[in-house]
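Visitor: Handing you this structure, nothing more for now.
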Amino acid sequence: MLGGLAATSLATAAPASGALAGQSQQQGGSGQQGQAADGPLADPDAFEAFLDGVMGAHLDAHDIAGATVSVVDGPESFAKGYGYSDVEARESVDADETMFRIGSVSKLFAWTAVMQGIERGDLALDVDVNEYLEDVEVPDAYDDPITLDHLATHTPGFEERARGTFVPDAESLEPLPAVLSEERPARVRPPGELAAYSNYGAALAGHIAARAGGQSFDDYVDSSIFEPLGMDRSTFAQPVPDDHPDTLSKGYRPAGNTFEAGEFEYVGIPPAGSMSATATDMVSFMRAQLGGGATDAGRILSAESTAAMHERRFTHHDRLNGMCFGFYEQSRNGVRVIAHGGDTDLFHSLLFLIPEEEVGLFVSYNSPGGVPAREELVDAFFEQYYPTDEEAPQNDGDAPTRASELTRTYRATRMPYTTSEKFAGATGTMSVSVDDQGRLVTSPLGGETQRWVQAEPLYFEEAGGEDALAFLEDDGEITHLAFGNLPPLAFERIGVHEQTTVHLLVLGASLLVFLSALFGWPAAAGWRRYRGVGGSGAGSLARYGRWVAGVAAAAFVGFWVVFGGFVVTDPTGLLFGDPLAFQLLLLLPLLGAIATIGTVGLAVVAWRDGYWGRWSRLHYSLVALAAVGMTLVLGYWNLLWYEM
């Protein structure tokens, strides 16, 4: 998210692919240079037929209620809606009139606003951001300050911060400066060192741009970007005002053969992702970015400023894609692309530009199936209009040098480190190995395995694909892994004791031991009473030992039952919901940790004084060991008490 099904028939919920809903909008003329004859809109009818086929198949295959698409190709543009914006009312998506939530694509407007401030001379790239702030302060933590250049390339060194990014309702929205102060993430690495995608950093930059312009962020974007470009069907307001001339698409989750509408999603830091827009309005923005900062409607930047936004400003490795000014680079069939995706829980969007070709595409889906669909759309687009004859590397590279140093486990740098939200980073791990053909293998937890051929030491190209990765080192020691098509992110090498799979093994084994005690001890006591046999212990400590261990076991088991219920039924509830629920839940592991201390002490006493029988002492000691393991794992993930 600001930051995501099996196919079923949608015959009752969406139009058939042969009669797709919505109207296509074709426009011409923007004062730009002409496009090559083989551009996507050189034959508009052929392009529409291509897009109809792709979108119709994707809406059906990925259980998507509706989507909106727009394309710019030099002076020409095209926009069309597909499926439904309101399933129950049978309202079709109209590219000109239906607004979609575009998620983090909103950030491109924040970065455009920052570049406007730089162009006016009100802001500078290399100045400490605190120089531009009065109501928010970024604390000193390292020798170098955070600058706008760091924020634009996602290299300020902030940890990830979930709380405050989304809020449950309109009443929970606070003024942007207040949220930026209250929900400020910790600085966990020096600025400019590594990229780690930061919603907070983008929101902070948007606030700085608005202050430099003397307005609130919403008002600034309205007057300085939307109005000059004629984007009167776009807004950062939440919810979209009732008097707005256009209709906002509902967001949907698949529900059998139809869809279930979700609630409006409120973004607590608007510059990071609260914008709603139509596909045709996004045409205006793409035209400005591709046309030197201007359209026929007006100008928002100079040609020099837009060019500066498209230049690479940071990369983890010279041969990898990197970060531009807010945009990130990607490679498709050998073509350089600058892009930005956007995700809420329900809406999934993407904007990409090919500056050298004056081509851009925007797409937004109103269902979770948009995550795979947008990638498939981009793949189909490039295969159709920018095919390549170059063959991807297969198995002809050198065997990995320093393989024993590379084959470790790595975790994404985009994660919370200091708060109880840290568990959100548990799934962002990547294991690296070497297969029997000498290829490097990357296996993300729960993700798709990829294989890589070494092109040079520490640099690899995807076997059968077009991605690349590189290992980073410090003083000769491998420290990080970075991918070519994930420029605002790196993966840091972690030890065995930090690995999620190891923690899961400890948790699983510990829970089994706890259950053996919680069910076994009462059953054994009942059996003894039934037979009229007295207890096997001696002394008051022995009598209370199992009660203390039972409290630890019950507290830990109870925590994971409730926590697992949240993950299954409301996975974002603990991150974005009422913090009191999280605070109360964390009383259980705290109680378990306190009882663990007593359990360990009583285990020592049991062996010293010979309480119970040998097998009973062994089992009790196993419970104590499980409680220690559980406490250490929960402590690692900051789940022994509430930290925010």
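Read-outs: derived from the displayed coordinates by stated rules, not from any lab. Computed from a predicted model, the values in this text were never measured in an experiment. Note that we place each Cβ from the backbone using ideal geometry, even for glycine, and neighbour counts take in every protein chain shown.
Visitor: Taking the beta-carbon count within 10 Å as an exposure proxy, list Leu108, Leu445 from fewest neighbours to most.
Guide: Leu445, Leu108
Visitor: Going by Cα centres, the range 422-483 and the range 568-635 are how many Å apart?
Guide: Using only Cα atoms, the two centres lie 36 Å from each other.
Visitor: Along the charge dipole of the chain, which of Leu176, Thr501, Met282 sits closest to the positive end, that is, farthest toward it, with unit charges on the beta carbon of Lys, Arg, Asp and Glu (+1, +1, -1, -1)?
Guide: So the residue furthest toward the plus end is Thr501.
Visitor: Can I ask one more? Among Asp63, Asp570, which comes first, second and so on when ranked by fewest other beta-carbon atoms within 10 Å? Write down the numbers at each step before the final one.
Guide: Numbers: Asp63 27, Asp570 13.
Fewest-to-most Cβ neighbours within 10 Å comes out as Asp570, Asp63.
Visitor: Expressed as a rounded percentage, what relative contact order does the range 50-385 have, with Cα pairs under 8 Å and six or more residues apart?
Guide: Details: 733 pairs, mean separation 86.7, N = 336.
Relative contact order, the range 50-385: 26 percent.
Visitor: Under a 5 Å amide H to amide H cut-off, with H placed in plane at 1.01 Å, what residues pair with Phe166 once short-range neighbours are removed?
Guide: Gly268
Visitor: Oh, and also: So what's the back-of-envelope 222 nm ellipticity for the chain, counting only DSSP H runs of four-plus at -39500 (n - 2.57) apiece and dividing by all residues, rounded to 500? Mind showing how you got there, number by number?
Guide: On the way: 16 runs with 223 residues, N = 644.
The helix-only estimate for the chain comes to -11000 deg cm²/dmol at 222 nm.
Visitor: Quote the FRET efficiency, to the nearest 0.05, computed for Thr407 versus Ala509 with a Förster distance R0 of 30 Å and r equal to the Cβ-Cβ distance. Can you show the working numbers first?
Guide: Values: r = 25 Å, r/R0 = 0.84.
With R0 = 30 Å, the Cβ-Cβ based efficiency is 0.75.
Visitor: Turning to a different aspect of this structure: Whole percent per 20 Å bin, from 0 to the bin with the longest distance: what is P(r) over all C-alpha pairs of the chain?
Guide: 18, 46, 27, 8, 1
Visitor: Taking the square root of 5 times each eigenvalue of the Cα gyration tensor, what semi-axes in Å does the equivalent ellipsoid of the range 78-128 have, largest first?
Guide: Values: eigenvalues 293, 24, 10 Å².
Sorted largest first and rounded, they come to 38, 11, 7 Å.
Visitor: Kindly rank 491-501, 619-629 from highest to lowest mean number of other beta carbons found within 10 Å of each residue. The partial results should precede the final answer.
Guide: Details: 491-501: 15.6, 619-629: 21.5.
The densest-packed peptide leads the list: 619-629, 491-501.
Visitor: Another one. Provide the percentage of antiparallel DSSP beta bridges, counting only those with both residues in the chain; round to the nearest 5. Display every interim value, and only then the final one.
Guide: Details: 87 of 90 bridges.
Given both bridge residues lie in the chain, the antiparallel proportion sits at roughly 95 percent.
Visitor: On to the next question. Using only C-alpha positions, report the orientation-averaged shadow area of the convex hull of the range 50-385, nm², one decimal.
Guide: Working: hull surface 65.5 nm².
So the mean shadow area of the Cα hull is 16.4 nm².
Visitor: Starting from 0 in steps of 5 Å, tell me what percent of the Cα-Cα pairs of the range 43-180 lands in each bin.
Guide: 2, 7, 11, 14, 14, 11, 11, 11, 10, 7, 2, 0
Visitor: Expressed in whole Å with the largest first, what are the equivalent ellipsoid semi-axes of the range 499-636 derived from the C-alpha gyration tensor as the square root of 5 times each eigenvalue?
Guide: Details: eigenvalues 196, 47, 35 Å².
Ellipsoid semi-axes (Å, largest first): 31, 15, 13.
Visitor: For the range 145-161, in order, what is each residue's ³J(HN,Hα) by Karplus, 6.51 cos²θ - 1.76 cosθ + 1.60 with θ = phi - 60°, in whole Hz (x at glycine and Pro)?
Guide: Each residue of the range 145-161 in turn: x, 7, 10, 5, 5, 5, 5, 5, 9, 6, 10, x, x, 6, 6, 6, 9 Hz.
Visitor: So for the range 244-348, what are the equivalent ellipsoid semi-axes in whole Å, largest first, each being the square root of 5 times an eigenvalue of the Cα gyration tensor?
Guide: Working: eigenvalues 187, 85, 35 Å².
With the √(5λ) rule applied to the range 244-348, the semi-axes are 31, 21, 13 Å.
Visitor: Tell me which of Leu512, Thr247, Ser234 sits at the most positive position along the dipole axis of the chain, charges placed on C-beta atoms (Lys, Arg +1; Asp, Glu -1).
Guide: So the residue furthest toward the plus end is Leu512.
Visitor: Work out Dmax and Rg for the range 103-142 from the C-alpha atoms and quote the Rg first, both in angstrom.
Guide: 12.2, 32
Visitor: Taking Cα pairs under 8 Å and at least six residues apart, what relative contact order does the range 403-494 come out at, in percent? Walk me through the numbers on the way to the answer.
Guide: Numbers: 174 pairs, mean separation 23.3, N = 92.
Reported relative contact order: 25 percent.
Visitor: Right, here's the next one. Determine the sum of side-chain charges near Ser364: Lys and Arg each +1, Asp and Glu each -1, restricted to other residues whose C-beta is under 12 angstrom from that of Ser364.
Guide: Spelling it out: positives minus negatives among the neighbours equals 0.
Visitor: State the dimensionless ratio Rg/Rh of the range 403-494 (Rg: radius of gyration of Cα atoms; Rh: Kirkwood radius).
Guide: Values: Rg = 13.2 Å, Rh = 13.6 Å.
Reported Rg/Rh, Kirkwood definition of Rh: 0.97.
Visitor: Please get the size of the charge dipole for the range 403-494, origin at its Cα centre, with Cβ charges of +1 on Lys and Arg and -1 on Asp and Glu, quoted in debye to the nearest 20. Intermediate results must be reported in sequence, preceding the final value.
Guide: Values: 7 positive and 15 negative charges, 87 e Å.
Once rounded to the nearest 20, the dipole reads 420 debye.
Visitor: Could you list Arg184, Arg287, Arg531, Arg120 so that the one with the fewest beta carbons within 10 Å of its beta carbon is first and the one with the most is last?
Guide: On the way: Arg184 17, Arg287 24, Arg531 7, Arg120 10.
With the fewest neighbours first, Arg184, Arg287, Arg531, Arg120 line up as Arg531, Arg120, Arg184, Arg287.
Visitor: Related question: Per residue of the range 231-248, in order, report the coupling 6.51 cos²θ - 1.76 cosθ + 1.60 (Karplus, θ = phi - 60°) as ³J(HN,Hα) in whole Hz, putting x for Gly and Pro.
Guide: Working through the residues one at a time gives 8, 7, 10, 9, 7, 9, 5, 9, x, 4, x, 4, 8, 5, x, 10, 9, 8 Hz.
Visitor: OK, next. Kindly write out, for the range 109-121 in residue order, the coupling ³J(HN,Hα) from the Karplus curve 6.51 cos²θ - 1.76 cosθ + 1.60 (θ = phi - 60°), rounded to whole Hz, with x marking Gly and Pro.
Guide: 6, 5, 6, 5, 4, 4, 5, 4, x, 5, 4, 6, x
Visitor: Using a cut-off of 15 Å between alpha-carbon atoms, which aspartates and glutamates can reach Lys80, once sequence neighbours fewer than 8 places away in the same chain are excluded?
Guide: Correct list for Lys80: Asp45, Glu48, Asp52, Glu91, Asp94, Asp96, Glu97, Asp281.
Visitor: Using modelled backbone amide H atoms (1.01 Å from N, in-plane), which distant-in-sequence or interchain residues come within less than 5 Å of Leu248's amide H?
Guide: Amide H to amide H, under 5 Å and 5 or more residues apart or across chains, Leu248 pairs with Met99.
Visitor: What FRET efficiency do you get for Ala523 and Trp547 if R0 is 22 Å and r is their Cβ-Cβ distance, rounded to the nearest 0.05?
Guide: 0.90
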